[in-house]
Amino acid sequence: MKLIILLTAFLSTSLFSQIEIQVTSLAKHLYKLDIGHVSSVASIGPDGVLLSDTGFERTGQSLLSKLKQLGGNDIKYIINTHWHSDHCGGN
């Protein structure tokens with residue numbers, strides 16, 4: 001039983017860490033980021049990044065890397081639409 005639990009935890013972590021983040025440009029400096037079934041919106045400008053929802057904790061580093069690729073080096077504000085872990089776990 002312990003082996004099944006460990007294997008399930010490993011596989012779910014591996015699957016989430018390999019999720020590709022799809023980026024859609026909504027306007028100048030405004031992006032929709034799809035992280036699996038979670039969507040986030042980022043406003044990236046010279047004053048920093050305003051981000052809504054951060055996804056799961058295990059996808060937070062991937063989101064941060066993608067924001068940096070888009071030119072967002074400093075997250076100033078995060079707006080969480082609600083408390084579920086798929087929306088605020090990456091904070």
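The values are calculated or read from the model by the stated rules, or taken from the named source; none is laboratory data. For clarity, every value in this text was computed on a predicted model and none was experimentally measured. Positions of Cβ are backbone-derived with ideal geometry, glycine not excepted, and every protein chain shown enters the neighbour counts. In case anyone asks, the SASA skips ligands and DNA or RNA and just uses the protein heavy atoms, side chains included. Shrake-Rupley method; radii C 1.70, N 1.55, O 1.52, S 1.80 Å.
Evaluate the following for Ser40: is it closer than 18 Å to Ala27 by Cβ, of a type outside the set (A, V, I, L, M, F, W, C), surrounded by fewer than 18 Cβ atoms within 10 Å (Cβ to Cβ) and under 13 Å from the mean Cα position of the chain (by Cα)? No; evaluated as a whole, the condition is false for this residue. Residues of region 26-37 that are surrounded by 14 or more Cβ atoms within 10 Å (Cβ to Cβ) and assigned to a strand (DSSP E or B): Leu30, Tyr31, Lys32, Leu33, Asp34, Ile35. Within region 18-34, being under 11 Å from the mean Cα position of the chain (by Cα) and at pLDDT below 90 holds for Ile19, Glu20.
How many of the residues making up region 26-50 are closer than 18 Å to Asn80 by Cβ and acidic (Asp, Glu)? The total comes to 1. Screening the candidates Leu50, Leu67 for the property of being closer than 19 Å to Glu20 by Cβ, among the hydrophobic types (A, V, I, L, M, F, W, C) and either open to solvent by 40 Å² or more (accessible area, probe 1.4 Å) or not in a strand (DSSP E or B) (or both) yields one hit, Leu67. Taken over region 70-91, the residue count meeting the criterion of being surrounded by 17 or more Cβ atoms within 10 Å (Cβ to Cβ) and within 11 Å of Leu50 (Cα to Cα) is 2. Checked against the criteria, Ser43 does not count as under 11 Å from Ile21 (Cβ atoms) and at pLDDT 90 or above.
Selection of first residues in region 78-91 that are within 16 Å of Leu64 (Cβ to Cβ) and in a loop (DSSP other than H, G, I, E, B) and of second residues that are modelled with pLDDT of 80 or more and among the β-branched types (Val, Ile, Thr), restricted to Cβ pairs under 7 Å at least 6 apart or on distinct chains, gives the following pairs, ordered by first then second residue: Gly89/Thr54; Gly90/Thr54; Gly90/Thr59; Asn91/Thr54; Asn91/Ile78.
Among the residues of region 54-64, the ones that are farther than 12 Å from Ile75 by Cβ and either in a helix (DSSP H, G or I) or open to solvent by 10 Å² or more (accessible area, probe 1.4 Å) (or both) come to 6 in all.
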